[in-house]
Amino acid sequence: MPDALIVGATGMVGRAVIAHFGATPLTVLARRPVDGLAPHHKDVIAPPEDWADIIAAERPTALISCLGTTIRRAGSQAAFRAVDHDLVLAAARAARTGGTRHMIAVSSVGASAKSGNFYLRTKGETERDLIALGFDRLDLIRPGLLRGDRPGPPRLGEGLATIAAPLADALLHGSFRRYRSISAVHVAAAIVALAAKGGSGVHIHENDAIRALAD
């Protein structure tokens, strides 16, 4: 397993990624302490404005981004974009400066730079700009509704969607299967599997592909 560095470690997917790394060393860069780290995990606490210099100095072989928020939690579209686009791109550019060849980024099903939906357009623009950085290998993870124990205050809309997910998933077939919900644990297992992969190119992973990697 290559030396990897993760940003977005305090969220549901990020915490699951750390757990799946097990005994493998991992650098965890976050703005606040992350609970449950193993002794062999390197914990780096710093404000986001310092992350670029830290990532460039760490020179990870693989950068894992699980960064993401919601417009409601961020407070505005501009604040949302500052995290889901600007901070992700700043981390990626710093990694490229340090010689990182592989990046894995959690995006969203339906991401498109041409979308009329602000959330999906921002995700698509982030994907587009990551591709332009020229990583040897770039893995874009596009999950649907994420299921699992989410830190922080409950989100009513997501809670209701999670309750309805089994029925909704059963109705999604063919090309619509990619919109099925998926557990954060499966997404994390797929990310850890991808971190060990070589090769090159841009790879997009949606529901079925994520599950296959997790298995």
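Couple of notes before you dig in:
- Residues whose amide H falls under 5 Å from that of Ser183, counting only those 5 or more places apart or on a different chain, are Arg147, with hydrogens built in the peptide plane.
- Summarising the amide proton neighbourhood of Gly8: residues at separation of 5 or more, or on other chains, whose placed amide H is nearer than 5 Å comprise Cys66.
- Estimated vicinal HN-Hα couplings, Hz - segment 83-93 in sequence order (Karplus 6.51, -1.76, 1.60; Gly, Pro = x): 8, 6, 10, 5, 5, 4, 5, 4, 5, 5, 4
- Percent RCO, i.e. relative contact order, over the chain, from Cα pairs under 8 Å lying at least 6 residues apart: 21 percent
- FRET efficiency for Arg31 and Leu133, using Cβ-Cβ distance with R0 set to 22 Å, rounded to 0.05: 0.45
- Think of a 1.4 Å ball rolled over the protein heavy atoms: the chain then has 48 Å² of accessible area per residue.
- Of the accessible area of the chain, computed with a 1.4 Å probe over protein heavy atoms only, carbon and sulfur atoms account for 55 percent.
- The chain: calculated mean residue ellipticity at 222 nm from DSSP helix runs of at least 4, using -39500 (n - 2.57): -12000 deg cm²/dmol
- Summed residue charge, Cβ within 15 Å of His205's Cβ, Lys/Arg positive, Asp/Glu negative: +3
- Computed over segment 12-140: relative contact order in percent, which uses C-alpha pairs under 8 Å that are six or more apart: 20 percent
- What the phi angles of segment 67-74 give under the Karplus curve with 6.51, -1.76 and 1.60, with θ = phi - 60°, is a coupling list of 5, x, 9, 10, 4, 5, 6, 6 Hz, glycine and proline written as x.
The values are calculated or read from the model by the stated rules, or taken from the named source; none is laboratory data. None of these values were measured; they are calculated from a predicted model. Reconstructed Cβ throughout: ideal geometry from the backbone, glycine too, with neighbour counts over all protein chains shown. Side chains are part of the model used for accessible areas, which takes the heavy atoms of the whole protein and leaves out ligands, DNA and RNA. Shrake-Rupley method; radii C 1.70, N 1.55, O 1.52, S 1.80 Å.
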